[in-house]
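A.B. asks: Below you will find the structure I want to go over with you.
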């Protein structure tokens, strides 16, 4: 599997699936979550509302992942995962790693071979970019399946630098 880190907009990536750093409600929010919902259009929210009504009445648990269609995004799939919120005491790196491996499991299940990830839990959820980068890169490297490309798509130069450094260390 090829793993790379780029600076850019996750909503414009030419991949099979983009991973959404969602909140447990799946009903949109700020940051990456809001950007993906805006770019995908209103049908994404409708599908998420249906998921809440049928399969996930209590919301998506932290560390798990669920797929939806990508709608108006270039990617045919959105894989939603809920990162741990350090401000709420969710500080276990294994829970953060589960976001990445669960999303890859879902990608594998839907046949996605190229997957774009944001820096799940970095920023508003209180995790330092360097820690997210180390956990994410280790989780992806330790996962096995049919995904051929994992692209970390990052907004800030500092976050890109953290992921670049993590990728340089085996």
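The values are calculated or read from the model by the stated rules, or taken from the named source; none is laboratory data. Small disclaimer: the values here were computed from a predicted structure and weren't measured. Here Cβ is always computed from backbone atoms with ideal geometry, including for glycine, and neighbour counts include all displayed protein chains.
A.B. asks: With the requirement that a residue be closer than 16 Å to residue 96 by Cα and surrounded by 15 or more Cβ atoms within 10 Å (Cβ to Cβ), what does region 142-161 give you?
C.D. replies: Listed by number, the residues that qualify are 143, 152.
A.B. asks: Considering only region 60-69, I want to know if a residue exists there that is in contact (Cβ under 8 Å) with a residue 12 or more places away in the chain and surrounded by fewer than 16 Cβ atoms within 10 Å (Cβ to Cβ).
C.D. replies: Checked against the condition, which is being in contact (Cβ under 8 Å) with a residue 12 or more places away in the chain and surrounded by fewer than 16 Cβ atoms within 10 Å (Cβ to Cβ), region 60-69 yields at least one hit.
A.B. asks: Identify all residues within region 25-37 that are surrounded by 15 or more Cβ atoms within 10 Å (Cβ to Cβ) and either modelled with pLDDT of 95 or more or assigned to a helix (DSSP H, G or I) (or both); write none if there are none.
C.D. replies: Within region 25-37, 25, 26, 31, 32, 33, 35, 36, 37 meet the criteria.
A.B. asks: Output the residue which, of all residues in region 129-155 that are touching a residue at least 12 places away in the same chain (Cβ under 8 Å) and in a loop (DSSP other than H, G, I, E, B), is nearest to residue 31 (Cα to Cα).
C.D. replies: It comes out as 155.
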